[in-house]
Protein chains: 4
Amino acid sequence: MTESKDTMSKIRAPELQTTGWLNTTETITLTSLRGKVVLLHAFQMLCPGCVQQGIPQTQKIFNEFDPDRVAVIGLHTVFEHHAVMTREALEVFAYEYRLRFPIGIDKPNEQMAIPHTMMAYQMQGTPTTILIDKTGHLRLHQFGHVSDFLLGVSIGTLLAETDEEQATTISSILSPDATETPLADACDTEGCHS
Amino acid sequence: MTESKDTMSKIRAPELQTTGWLNTTETITLTSLRGKVVLLHAFQMLCPGCVQQGIPQTQKIFNEFDPDRVAVIGLHTVFEHHAVMTREALEVFAYEYRLRFPIGIDKPNEQMAIPHTMMAYQMQGTPTTILIDKTGHLRLHQFGHVSDFLLGVSIGTLLAETDEEQATTISSILSPDATETPLADACDTEGCHS
Amino acid sequence: MTESKDTMSKIRAPELQTTGWLNTTETITLTSLRGKVVLLHAFQMLCPGCVQQGIPQTQKIFNEFDPDRVAVIGLHTVFEHHAVMTREALEVFAYEYRLRFPIGIDKPNEQMAIPHTMMAYQMQGTPTTILIDKTGHLRLHQFGHVSDFLLGVSIGTLLAETDEEQATTISSILSPDATETPLADACDTEGCHS
Amino acid sequence: MTESKDTMSKIRAPELQTTGWLNTTETITLTSLRGKVVLLHAFQMLCPGCVQQGIPQTQKIFNEFDPDRVAVIGLHTVFEHHAVMTREALEVFAYEYRLRFPIGIDKPNEQMAIPHTMMAYQMQGTPTTILIDKTGHLRLHQFGHVSDFLLGVSIGTLLAETDEEQATTISSILSPDATETPLADACDTEGCHS
């Protein structure tokens, strides 16, 4: 597991490929967010684990952090039931759940069910929580539930980094006995596999 | 508030004054923990806010972190009902609640109800959550409930620090609108004022 | 309030008006359920209070009771955003949330947003929880959240009734100080007013 | 299981044997409560399952019901660590947790650790939840956690009974698949076996 983390810490986060945005007038790119820690929350509006845990957690983080230091972004990665999870439906969902963070719509793929950004990140399903550091590298990539505590530790660690140093991988801080491993590919019972 | 934080970031954490320990064979001093981030959780065994929130949170952090990086310590700061919150009662409590982290017994003060360490830290009551950085300085001091998320951010920030730099205060990361302010002296409804 | 309850205990529950059903091959009518206690849960698939509280509670009750004694029925009462809360979307929702209880689709009204059954019951919004006794009379009609405890007491009371006696209104059992009044028209913060 | 329930429905609840009471000026006997449904909550002040679940649930029921219809009583059944779970400690506990319902102290047994009432009811440990009907018969006897919903159903059922009829056992209402069986002797992970 240590190896995969070390490798991950050198992977540049693929750019977002979107066909539209909610809660922002501009198209957001990862490049434009360089210098900030980025929380990317990939979800589907009809995924129970997203609605009950991932999205409320994302909204809370959006409320609590200085947007100049932590950029919080939702990504609607529809990989099933495309006919009913439309942009129009997503807008109603975002309105009813009072979501305020920017939400990108992952670009559909003509050839297959999984959209482009989801494919580029090799996400297993929804919800998926991703952290990108100030230099644009992937640092956390987890399918399913991430605890508030571990997400806090991870964001705190990335915030404290200067551009030069990235020696510390997040998980090296945690006990080997920790039941939740933020960098691992674990599957939550609430999560939707793709 | 920024001022008080800046001041706080320069305060050296007072040494613990204890009359005994549970879950460890040795007396623990802050001096011996230099180089680690220290979470100090001050509680009373019959304080509802401690039992329902602070102590489970402390146990969880103890389980999840590498003890060589984060030292988790409980402190039984009895300032009321001394006759029933004895060492013997505390031992039963720690046994029944399956607490594993070291717990110091704050040294009683002959002259007054509040014990010595609690007085030195000017704690308002229990639970009180304290974070001490690798150089032995006080960095978070909060009476009442601290959310998992904010405690995680705070620990992550302190872990990422090298000895030379302490420029970033934890709260400077957070939005001014954040409802919970980890460095402020806020009072939780569950907390016991001294 | 006592008066309104006495009145309510004599109101015959209006018959359901539906255009289709999920999780059952037959159209369900209240008439066919005479002799059972009926829990009718009116919801919309994009209503946060329904998704987070009302629907999980309804599913739990469906799992726990003998269906020959307590009939649990959902009713999709779409009164807003009709274009995206279609039957097709509802089917995806029911599938993803693993709902097993029968769900009727309230008959749309050509003249107005509120569908027919919702109008006949004068519901204020969603979620609305309704209990109908063995003789087909309305006994509980509440907009917003109903606690597990009070819903349990209410169902237990109705189950114990024989056909002849209905003297006891559910709320007469509760303390006047009880914060939640199951027969009252109270508005939960999570609820959607129509 | 049906047999044991039928048997149970004919068992007269043993009288309480106590050495003192909190939150009431009088000694309470079951005989004096005839005509009311009685909720008896047996606990120990240092039992985690009691403190975290059973006692808050008992306090809530005490707040919500008309005391002329439902009598809510705590019973401190100390069967371990007698030296620290004294009357004085219990008084501090009840004060700090703001308990308002009457609490009897189970009469210690000179010969063994288990006190007299606990022995008479053959309780397995704490918490134990007991329901006694209007005629003084045992109707529910469960070790460990009881859900709000099932406790509500049970109380509602007993409230609706007249003195003559006791034909319906509580569990006959529930689905055979119900995961929690209120009349069964099940063991909660939080519970303390005696």
field: Computed E for D:Glu88/A:Tyr95 - FRET, C-beta separation, R0 35 angstrom, nearest 0.05
entry: 0.05
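Do you know the Lys pair count in the range B:1-119 for C-alpha distances under 26 Å, with sequence separation 8 or more or different chains? Please report the intermediate quantities before stating the final value.
Numbers: B:Lys5/B:Lys36; B:Lys10/B:Lys36; B:Lys10/B:Lys107; B:Lys36/B:Lys60; B:Lys36/B:Lys107.
Lysine pairs meeting the criterion: 5.
Among D:123-131, D:46-54, A:31-39, what's the highest-first ranking by average C-beta atoms within 10 angstrom per residue? Don't skip to the end; give the middle numbers.
On the way: D:123-131: 24.3, D:46-54: 22.6, A:31-39: 17.6.
The packing order, highest mean first, is D:123-131, D:46-54, A:31-39.
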- prompt: What residue among A:His76, A:Gln52, A:Gly35 has its Cα farthest toward the positive end of the dipole of the range A:1-104, where the charges are +1 on Lys, Arg and -1 on Asp, Glu, each on the Cβ?
  reply: A:Gly35
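How big a patch of accessible area, both sides summed and in Å² to the nearest 100, lies buried between C and D at a 1.4 Å probe? Intermediate results must be reported in sequence, preceding the final value.
Values: alone 9670 and 9660 Å², together 17200 Å².
When C and D are taken together, about 2100 Å² of accessible area is lost.
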field: Shortest-first nm distances, B:Thr19 label point to equivalent points in other copies (7 Å, Cα→Cβ)
entry: 2.7, 7.2, 7.6
field: Cβ crowding within 10 Å averaged over residues, with C:94-105, A:10-21 ranked highest first
entry: C:94-105, A:10-21
- prompt: Is the shape of the range B:62-123 rounded, prolate or oblate, going by the alpha carbon gyration tensor and its root eigenvalues a ≥ b ≥ c, with a/c under 1.5 for rounded and a/b larger than b/c for prolate?
  reply: oblate
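Counting only protein heavy atoms and using a 1.4 Å probe, what share of the accessible area of the range B:1-114 belongs to carbon plus sulfur, as a whole percent? Mind showing how you got there, number by number?
On the way: 2570 of 5160 Å².
Roughly 50 percent of what the probe reaches on the range B:1-114 is carbon or sulfur.
What accessible area per residue, rounded to a whole number of Å², is obtained for the range D:1-128 using a probe radius of 1.4 Å?
Values: 5590 Å² over 128 residues.
On a per-residue basis, 44 Å².
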message: Can you compute the modelled spin-label distance between B:Ala120 and C:Ser32, with each label point 7 Å from Cα toward Cβ, in nm?
response: 7.6
field: Long-range amide H partners of A:Asn109 with built H, under 5 Å
entry: A:His116
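Cα-based Rg of the range B:26-114 per 2.2 N^0.38 Å, rounded to two decimals? Write down the numbers at each step before the final one.
Working: Rg = 13.4 Å, N = 89, 2.2 N^0.38 = 12.1 Å.
My calculation over the Cα atoms of the range B:26-114 gives 1.11.
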- prompt: When Cβ neighbours within 10 Å are restricted to other protein chains, what is their mean count per residue of peptide A:87-95?
  reply: 3
- request: Would you kindly work out, in nm and rounded to one decimal, the distances from the label point of B:Glu88 to those of the same position in each other copy, ordered shortest first, with label points 7 Å along Cα-to-Cβ?
  value: 1.1, 7.4, 7.5
message: Placing the label point 7 Å from Cα along the Cα-to-Cβ direction, what are the distances from A:Pro108 to the equivalent spots in the other copies, shortest first, in nm to one decimal?
response: 2.1, 7.4, 7.6
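The values are calculated or read from the model by the stated rules, or taken from the named source; none is laboratory data. Only a predicted model underlies this, so the values are computations on that prediction, with no experimental measurement involved. Reconstructed Cβ throughout: ideal geometry from the backbone, glycine too, with neighbour counts over all protein chains shown. When the accessible area is computed, the model is the full protein with side chains, heavy atoms only, and any ligands, DNA or RNA have been set aside. Shrake-Rupley method; radii C 1.70, N 1.55, O 1.52, S 1.80 Å.
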